[in-house]
Amino acid sequence: MKLEGIHHITAITENAQRNVDFYAGVLGLRLVKKTVNQDNPTVYHLFFADEEGDPGADLTFFEYPGAAPGRAGAGMVHRIVWRVASSAALDFWEGRLGALDIDARREGDGLRFADPEGLDHELFVADVPDPPLVADHPEIPRELALQGFHAVRAYAAAPGTSSALLEALEFEPTDEGWEARGDARGGLYIYDPPPGERGVQGAGSVHHVAWASTPEEHLAWRDRAIAAGARPTPKIDRFYFRSVYFREPSGVLFEIATLGPGFTVDEPLEHLGEKLSLPPAFEHLRDEVEPNLRPVVNPRAPQT
């Protein structure tokens with residue numbers, strides 16, 4: 001049993017349209033699902049990914065209009081690391097972001113920048129066998145595009161306290177941190193010393209990181225988490241995947257999410273993200289919820 005790397009990462013935004021403009025417009029990801037937060041269906045849940053909507057490239061956001069800016073601190077993911085193919089890709093992104101007045105800084109084999117709400121990102125030239133997860137964008141050559149997640153970096157005051165749980169979840173120690181690697185894909189989990197200021201959940205902060213499981217092994221991972229001292233939720237049906245949640249000892253919220261059914265369960269691949277999708281358990285709320293959501297224009301959707 002091995003986890004198949006990072007399934008998705010979920011963060012918070014104050015403004016869904018600005019969020020779409022950056023992640024779909026600037027970074028070239030595809031908006032593959034426009035739905036609602038199933039724990040609070042009055043707000044959006046937006047999903048960005050590669051062209052196929054695959055786990056491993058799936059960055060999601062809850063929109064909370066009026067939310068104050070967040071600040072990463074101990075027990076929070078503070079940086080998302082994406083794979084790119086080459087130093088030429090770093091050159092491309094340094095130029096593209098710079099032309100849009102987005103501060104981008106080369107650091108070794110990486111390029112660091114933040115989104116409009118301060119969420120920290122890094123592009124990294126990764127030497128891994130994993131298939132690249134790429135979205136189509138008219139301004140971004142495929143060989144230079146983002147290729148999916150490589151790592152998340154989290155702040156932890158005492159990272160050693162998490163070792164037993166990570167080992168129970170079959171993470172392997174590396175020179176930098178820990179790796180979850182399955183048959184098809186892997187992802188890194190890296191700790192950094194926390195800043196002095198306390199973390200604040202808000203716009204531009206990461207809510208949780210999800211790790212990918214086959215559907216058949218999903219409940220076995222829950223059992224392993226319990227045996228290692230975690231207190232996971234029961235299995236929750238999110239319609240597009242199944243989930244369990246728990247905090248690892250550093251304080252970061254983990255999710256174990258299944259590889260499937262996937263985003264095409266209620267929309268054809270060619271039209272992902274064009275309309276508000278509500279899982280069947282929430283469809284009866286459409287007339288109540290949809291009028292109160294701020295309109296969001298998907299640049300990939302046909303304009304009427």
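Toward the positive end of the charge dipole of the range 6-292, about the Cα centre and with charges on Cβ (Lys, Arg +1; Asp, Glu -1), which of Pro131, Ser87, Ala154 goes farthest? Farthest towards the positive pole: Ala154. Here the range 6-292 has an Rg and Dmax of 18.1, 52 Å, counting Cα atoms alone.
Distance between the pseudo-spin-label points of Thr174 and His284 (7 Å out from Cα toward the beta carbon): 4.6 nm. Think of each Lys and Arg Cβ as +1 and each Asp and Glu Cβ as -1; about the Cα centre, that makes the dipole of the chain roughly 660 debye.
The trypsin sites (Lys or Arg not before Pro) of the range 132-221 that DSSP puts in a loop, and whose beta carbon has at most 12 other beta carbons within 10 Å, are Arg198.
Here the Karplus relation 6.51 cos²θ - 1.76 cosθ + 1.60, evaluated at θ = phi - 60°, turns the backbone of the range 262-276 into coupling constants of x, 7, 8, 5, 10, 8, x, 3, 6, 10, 4, x, 7, 10, 6 Hz, with x for every Gly and Pro. The length gained by stretching the chain between Arg18 and Glu139 to full extension, at 0.36 nm per residue less their Cα-Cα distance, is 41.7 nm.
Centre-to-centre, using Cα atoms only, the range 1-67 and the range 244-299 are separated by 9 Å. Taking the Cα atoms of the range 8-101, the ratio Rg/Rh between the radius of gyration and the Kirkwood radius comes to 0.98. Straightening the chain between Arg294 and Ile102 buys 66.5 nm, computed as 0.36 nm per residue apart minus the Cα-Cα spacing.
In this structure, Ala88 and Ala184 have a Cβ-Cβ separation that, at R0 = 35 Å, corresponds to a calculated FRET efficiency of about 0.85.
Each reported figure results from applying straightforward, stated rules to the coordinates on display, with no laboratory input. Everything numeric here is computed off the predicted structure, so don't read it as measured data. Cβ coordinates were reconstructed from backbone atoms using ideal geometry, including for glycine residues, and neighbour counts include every protein chain displayed.
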